[in-house]
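Engineer: Before anything else, here's the structure in question.
The values are calculated or read from the model by the stated rules, or taken from the named source; none is laboratory data. Since the model is a prediction, treat every value here as computed from it, not as a measurement. Heads up, the Cβs are rebuilt from the backbone with ideal geometry, glycines too, and the neighbour counts pull from every protein chain shown. When the accessible area is computed, the model is the full protein with side chains, heavy atoms only, and any ligands, DNA or RNA have been set aside. Shrake-Rupley method; radii C 1.70, N 1.55, O 1.52, S 1.80 Å.
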Amino acid sequence: MTAELSSMEYEGVLELMTELGEPKFRAKQVFSWLARGVRPEEMTNIPKALREKLALLPFGGARIIETKHSQRDETMKFLYELDDGNIVEGVLMSYSYGNTLCISSQVGCRMGCAFCASTLNGKVRDLTAGEMLSEVTAVERAVSAGEGRKRTVTNIVMMGCGEPLDNYENTVAFLKRATADDGLGISPRNISLSTCGLVPRIYTLPEDAPHVTLCISLHAPNDELRRRTMPIANAYSLRELIPAAKHYADVTGRRVIFEYALIEGVNSSDEHARELSRLLRGINCHVNLIPLNSVKERSLNGVTRSRAAQFAALLEKLHISATVRRELGTDIDGACGQLRNKHIENEKEEIL
Ligand code: SAH
């Protein structure tokens, strides 16, 4: 059993209450606060003495320490501080159907993708399930749901910092709590998990976790090219990854999303589109294209939006469903890892 309050299941809270000599109904009360990300100090229907005891236990939450509002659209970016001082980030995007929160699953990342800012300083540590939940509940508490809406965060995408399948147990525990009626109660259909392609975990995920939308960061139509930007391609070839994706689609009945960042002069020619269409033929899937967000530390550049649209049109012509992802929050460093890195850099500058 974990001692961290925010990650506890109901059974864990019940056990804790028994240990503390508390009546059973307290477990329900405490758990319902925890499910909303509330810390002991604020649990108003709990006696002070118990609140004080609970406050001595590690909580494992994420507090919002900075919020940025986009001037161009309704996107908001959050910088969270974890209890140990580590920093992660989240982005809230507004759509007609609701709000999607992009959350982080690790502090940093060890996957080493050449175009991704999150991995520049490697992985610091995994996030616990409670910390991931806390990223959501902190936003729920900070941003009002809007007229006629019960909740602020209607959809979740695990596309922030980190590789969720490299933090498998915590990710599975998070998905269970996020979808449970006594947790966040979000439908698995409204949750997406993005992975760079840890093949064995893609096979176990449908058994272990609610059936969420699986997104696979592909970014290349062949192994040779993929290995140039994604070290994971050395561990698992496309001959292993594509059948794993197909298996997920078949077992869950959910369409798999392939993410493809178009990089100028690297993976964005007509021939690449044709090769991609051959690779994905026969899979219940959709291709999400995005012009690469240029990362200043790397000399890789994105294509223009019009080139991305052409690439999408060619894929469609070849019977592969494809769209160009809308770019939101570009003025507030909406791209993966950028805000956190800037925050760390600023701190470094302050120290130097
Ligand atoms: N580790 C997971 C999730 C985090 S990254 C994964 O690899 O899927 C979320 C998405 O953003 C991935 O598709 C990733 O490849 C993409 N991404 C990272 N850096 C990017 C950049 N500079 N421009 C466009 N997409 C980027």
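Engineer: Note the angle between two axes, namely the Cα long axis of helix 305-317 and the longest principal axis of the Cα atoms of the chain, as a number of degrees from 0 to 90, rounded to the nearest 10.
Structural biologist: Approximately 80 degrees, to the nearest 10.
Engineer: Oh, and also: Under 1.5 on a/c is rounded, so check that first for the stretch 182-301, then, if it is not, pick prolate when a/b is larger than b/c and oblate when it is not; a ≥ b ≥ c are the square roots of the alpha carbon gyration tensor eigenvalues. Don't jump to the answer; show the numbers that get you there.
Structural biologist: Values: a/c = 1.90, a/b = 1.56, b/c = 1.22.
Judged from the Cα gyration tensor, the stretch 182-301 comes out prolate (a/c at least 1.5, a/b above b/c).
Engineer: Using the alpha-carbon centroid of each, what span in Å lies between the stretch 72-109 and the stretch 248-310?
Structural biologist: When both Cα centres are located, 23 Å separates them.
Engineer: Of the heavy-atom accessible surface of the stretch 62-351 (probe 1.4 angstrom), what whole percent is carbon and sulfur?
Structural biologist: Here carbon and sulfur together make up 46 percent of the probe-accessible area.
Engineer: Whole number in Å², please: accessible area per residue of the stretch 62-351, 1.4 Å probe, ligands, DNA and RNA not counted.
Structural biologist: Accessible area per residue: 43 Å².
Engineer: Can you list the HN-Hα couplings for the stretch 261-278, worked out from phi with the Karplus curve (6.51, -1.76, 1.60; θ = phi - 60°), rounded to whole Hz and with x for Gly and Pro?
Structural biologist: Per-residue couplings from phi come out as 8, 7, 10, 3, x, 10, 9, 10, 7, 4, 5, 5, 5, 5, 4, 5, 5, 5 Hz.
Engineer: For the pair Asp83 and Glu275, how long in nm is the line joining their label points, each one 7 Å along Cα→Cβ?
Structural biologist: 4.8
Engineer: Next up: How do 13-19, 191-197 rank on mean C-beta neighbours within 10 Å, highest first? Write down the numbers at each step before the final one.
Structural biologist: On the way: 13-19: 16.9, 191-197: 23.6.
Going from most to least packed, we get 191-197, 13-19.
Engineer: Another question, then. Quick one: with all protein chains in place, what share of the accessible area of the stretch 16-59 is carbon or sulfur, to the nearest percent (1.4 Å probe)? Mind dumping the intermediate values first?
Structural biologist: Details: 1460 of 2490 Å².
It is 59 percent, rounded to a whole number.
Engineer: Between Ser96 and Ser306, what is 0.36 nm times their sequence separation minus the Cα-Cα distance? Round to one decimal in nm.
Structural biologist: 73.2 nm
Engineer: To continue, here is another question. Kindly list the residues of the stretch 274-301 that lie in the label zone of Ser321, defined by a backbone N under 19 Å from the point 7 Å along the Cα-to-C-beta vector.
Structural biologist: 276-290, by backbone N distance to the label point.
Engineer: Separate question: Compute the distance from the alpha-carbon center of the stretch 151-187 to that of the stretch 1-58, in whole Å.
Structural biologist: 21
Engineer: Show me the ranking of peptides 312-318, 160-166 by mean Cβ neighbours inside 10 Å, starting with the highest. Intermediate values should be presented prior to the final figure.
Structural biologist: Numbers: 312-318: 16.6, 160-166: 26.1.
Ranking the peptides 312-318, 160-166 by packing returns 160-166, 312-318.
Engineer: If contacts are Cα pairs under 8 angstrom and at least 6 residues apart, what is the relative contact order of the stretch 62-351 in percent?
Structural biologist: Once divided by the residue count of the stretch 62-351, the mean separation gives 17 percent.
Engineer: First measure r as the distance between the Cβ atoms of Asn45 and Asn234, then evaluate 1/(1 + (r/R0)^6) with R0 = 45 Å and state the FRET efficiency to the nearest 0.05. Could the numbers behind the result be given before it?
Structural biologist: Values: r = 54 Å, r/R0 = 1.20.
With a Förster radius of 45 Å, E is 0.25.
Engineer: Which number do you get for Rg(Cα) / (2.2 N^0.38 Å) in the chain? List each step's numbers first, then the result.
Structural biologist: Details: Rg = 21.0 Å, N = 352, 2.2 N^0.38 = 20.4 Å.
Compactness ratio reported: 1.03.
Engineer: When the helices in the chain are scored as -39500 (n - 2.57) per DSSP H run of 4 or longer and the sum is shared across all residues, what 222 nm value do you end up with, to the nearest 500 deg cm²/dmol?
Structural biologist: After summing the helix terms and dividing by residue count, I get -11000 deg cm²/dmol.
Engineer: Per residue, how much space in cubic angstrom lies within the convex hull of the C-alpha atoms of the stretch 5-55?
Structural biologist: On the way: hull volume 3.3 nm³, N = 51.
Output value, Cα hull per residue: 65 Å³.
Engineer: Past the 27 Å Cα-Cα mark, which pairs from Lys77/Lys317; Lys246/Lys317; Lys150/Lys176; Lys123/Lys176; Lys48/Lys176?
Structural biologist: Numbers: Lys77/Lys317 36 Å; Lys246/Lys317 22 Å; Lys150/Lys176 21 Å; Lys123/Lys176 24 Å; Lys48/Lys176 31 Å.
Beyond 27 Å between Cα atoms: Lys77/Lys317; Lys48/Lys176.
Engineer: Then there is this: At 0.36 nm per residue, minus the direct Cα-Cα distance, what do Arg227 and Thr67 gain on full extension? Give it in nm, one decimal, please.
Structural biologist: Length gained, Arg227 through Thr67: 54.0 nm.
Engineer: May I pose another question? Taking only the alpha carbons of the stretch 37-190, what extent do you get along each of the three principal axes, in Å, biggest first?
Structural biologist: Rounded to whole Å, the extents work out to 52, 37, 29 Å.
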